[in-house]
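K.L.:
To start, I am sharing the structure in question, which I have written as structure tokens.
A short reminder: the numbers here are calculations on the coordinates, not readings from a lab. Just so it is clear, the structure is predicted and the values come from calculations on it, not from any experiment. Cβ sites come from the backbone with ideal geometry, for glycine too, and all protein chains shown count toward neighbours.
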Amino acid sequence: MSKYKWSFANVGGSTRVRIQTAEDIKHLGELDKKMWTVLSCPVNGLEISPDSLLLMDTDGDGQLRLKEVVATSEWLCAMLKDPKTLFEQKDTIALDNIADEAIKNVAEKLAKDNAIALADVQAAIDGVTIEEQAVPAAPLEADVIAAYKEKQAEYAAYFELEKLQKLGLAVIAEDAPKPGMTEKKFLEMGAQIAEWEAAKAAAETANADALAAAKAEFMPLRKLLLLHRDFYRLLRNFVTLEDFYDNNKQTIASFQAGTLIIDQRACHLCIRVNDPAKHDAQAPLSGMYLLYCNCINKKTGKTAQIVAAMTQGEIKNLSVGKNGIFYDNDGLDYDATVTKIIDNPISIRQAFWTPYRKFAKWIEEKINKSAAEKDAKAFDDMTAKADAAKVEGAPAEAQKPAFDIAKFAGIFAAIGMALGMIGTMLVSVAKGWVTLTWWQQILVFCGILLLISGPSMIMAWLKLRRRNLAPVLNANGWAVNADAIISVPFGKTLTEQVSFPLVKAPKVGMSSGKKWLIGICVTLIALGLICLVLHLCGFCFCCFSFH
């Protein structure tokens, strides 16, 4: 058990370790593994330099694990006299801060103003030259070598078959294509080409090795500068998720790929999708309203598949097939098309109207279904009558069945009974309604609304409190060791709604403030009218029942 005293803070609804001092980095290996927010993450698809991530991924398996992060911290603390400069996240280092003498000697050759910069080291690496070993000239013309390689397998098979034919073990068809050279010439040409290719490969390998050896002296310094710039940012996205929960939004999390503009909103929580199958199983557990989009930049041909979290506003026109624009962190824009939606509450206000939307949708579907069935039945009846008229030679009207008065009398009686029951129920409700005072009627009306919308709002409130980013990251190959809760206030920072400025002229419409005030007034007037209508209807029902 480590005796080092760590500092803690509540970040994203969980208690997490804060990495704030050089001593914290030096003792990183002593931190209890259960206290890390992330245990591993993929090297690809992060908004951190791939060069830096590959340097930290020492086993080269494409996954950055806890032990590799600790090993990197130990290496950096050994290379730097004062690891505190890691918090600056700069790609320059003062010469006096380099502890390793070999690296410092190389840095002194390239340093400017007693500091070494990554750009100067990269320029030195790119400028390395060697005396290359000569590559032997080809024995034949390039097109001849290409033609030989194309026909090599075919000719070899023919000459082998020819040998078998001489032994009486095979027969070559008369129309079989024959090589344009003898077997001896074919073998000589093959030997020449093979010898040249081997000599060429050896020379190229020797030149590559010599170039790598000439650049080797700069590589540790390059590694130091890259990790000096990027390591602390990794810690902020690995030990904690501080970049994601940063209230000032000076930085973005390493998994945030860009911004999706859709339906008058900007979704800043966009994550690249590495494995759609895993997202199908994991992402619904997040409790977030998620939009999956296929993105393409037609100019460059670049494509991306992202998932965007909608954390504010209404559903409105969001649907599969809707188009938007996705901007990556480099500013490149993509045409984005929604391919899948995971439906979860966005806000309590949206949840209030959900039952009514569902009911309206159900009615619309029923009406459409009924209309379609009646249309199909009418068309079938019309075509059937037309066919019958053609076959029997009689008009379609002559085929109508006789009117059954008894059948329709039963139907009318059933309808009358149903209307009577409904009328009795309405009269009973009206009698109770009219006995209430006006303020009681308002309370009852509001109670009915809450009875309908209440369950949906309660479920939305519970889900909004549990919105968790961890399942989405897990679906992308992360091993998240703690919850990453997205509260309602924090969610509002992840999705921006459109905000129009107040203008005085020309008055094309009205200001948002006036719209808000008028909206409240209209709502109150509507509620008052509804209550008045219900009151009058109840009074009329009561009068009718008394008579």
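K.L.:
Among 208, 153, 180, whose Cα projects farthest towards the positive end of the dipole of the stretch 142-211, with charges put on the beta-carbon of Lys, Arg (+1) and Asp, Glu (-1)?
P.N.:
Farthest along the dipole direction, towards plus: 180.
K.L.:
Here is a follow-up. Among 142, 165, 190, which residue has its Cα positioned farthest towards the positive end of the charge dipole of the stretch 142-211, with +1 placed on the Cβ of Lys and Arg, -1 on the Cβ of Asp and Glu, and the dipole taken about the Cα centre?
P.N.:
165
K.L.:
What residues qualify as long-range amide H neighbours of residue 11, i.e. H under 5 Å apart, gap of 5 or more or another chain, H built at 1.01 Å from N?
P.N.:
Residues meeting the amide H criterion: 16.
K.L.:
I would also like to ask the following. Could you tally the net charge around residue 307, taking each other residue with its Cβ under 10 Å from the Cβ of residue 307, Lys/Arg +1 and Asp/Glu -1?
P.N.:
Residues near residue 307 contribute +2 overall.
K.L.:
To continue, here is another question. Students often forget the sequence filter, so: which aspartates and glutamates lie under 17 Å Cα-Cα from residue 322 once same-chain residues fewer than 8 apart are removed?
P.N.:
The qualifying aspartates and glutamates are 263, 314, 333, 335, 343.
K.L.:
What list of ³J(HN,Hα) couplings, whole Hz, do you get for the stretch 20-26 from phi and the Karplus terms 6.51, -1.76, 1.60, once you set θ to phi - 60° and write x for glycine and proline?
P.N.:
Using θ = phi - 60°, the values come out as 10, 10, 5, 5, 4, 5, 5 Hz.
K.L.:
Would you please put 286-297, 10-21 in order of how densely packed they are, using the mean number of other Cβ atoms within 10 angstrom per residue and starting with the highest? Mind dumping the intermediate values first?
P.N.:
On the way: 286-297: 22.2, 10-21: 16.5.
In decreasing order of mean packing, 286-297, 10-21 become 286-297, 10-21.
K.L.:
Net charge near residue 206: determine it from the other residues with C-beta under 14 Å of the C-beta of residue 206, scoring Lys and Arg +1 and Asp and Glu -1.
P.N.:
My count for the surroundings of residue 206 gives -3.
K.L.:
Using amide H atoms built 1.01 Å from N in the peptide plane, name the residues 5+ places from residue 40, or on other chains, whose amide H lies under 5 Å from its own.
P.N.:
Those lying under 5 Å, H to H, from residue 40 are 479.
K.L.:
Also: Dipole of the stretch 142-211, Cα-centred, from +1 at each Lys and Arg C-beta and -1 at each Asp and Glu C-beta, to the nearest 20 debye?
P.N.:
Rounded to the nearest 20 debye, it is 220 debye.
K.L.:
Which of the peptides 140-146, 192-198, 241-247, 256-262 is most tightly packed, and how do the rest follow, going by the mean number of other Cβ atoms within 10 Å of each residue?
P.N.:
Values: 140-146: 11.4, 192-198: 13.7, 241-247: 19.0, 256-262: 21.4.
Going by the mean number of other Cβ atoms within 10 Å, highest first, we get 256-262, 241-247, 192-198, 140-146.
K.L.:
Apply 1/(1 + (r/R0)^6) to the Cβ-Cβ distance of residue 377 and residue 94, taking R0 = 60 Å, and write down the FRET efficiency to the nearest 0.05. Walk me through the numbers on the way to the answer.
P.N.:
Numbers: r = 87 Å, r/R0 = 1.45.
Using R0 = 60 Å, I get an efficiency of 0.10.
K.L.:
Given H placed on each backbone N at 1.01 Å, which residues far from residue 484 in sequence or on other chains put an amide H within less than 5 Å of it?
P.N.:
Counting only residues 5 or more places away or on other chains, the set is 469, 470.
K.L.:
Here is a follow-up. Only Lys, Arg, Asp and Glu count, each charged at its Cβ (+1, +1, -1, -1), so figure out the dipole size of the stretch 18-112 about its Cα centre, rounded to 20 debye. List each step's numbers first, then the result.
P.N.:
On the way: 12 positive and 18 negative charges, 35 e Å.
That gives the stretch 18-112 a dipole magnitude of about 160 debye.
K.L.:
While we're here: Less than 14 Å Cβ to Cβ from residue 128, Lys/Arg counted +1 and Asp/Glu -1: what total charge do the surrounding residues give?
P.N.:
-3
K.L.:
I've got another one for you. Need one word for the stretch 52-129: rounded, prolate or oblate. Basis is the Cα gyration tensor (sqrt eigenvalues a ≥ b ≥ c); a/c below 1.5 gives rounded, then a/b vs b/c decides.
P.N.:
oblate
K.L.:
Going by average Cβ neighbours within 10 Å, how do the peptides 224-231, 381-388 rank, with the highest at the top?
P.N.:
224-231, 381-388
K.L.:
I'd like the distance between the alpha-carbon centres of the stretch 207-245 and the stretch 113-174, rounded to an integer number of Å.
P.N.:
Going from one Cα centre to the other spans 36 Å.
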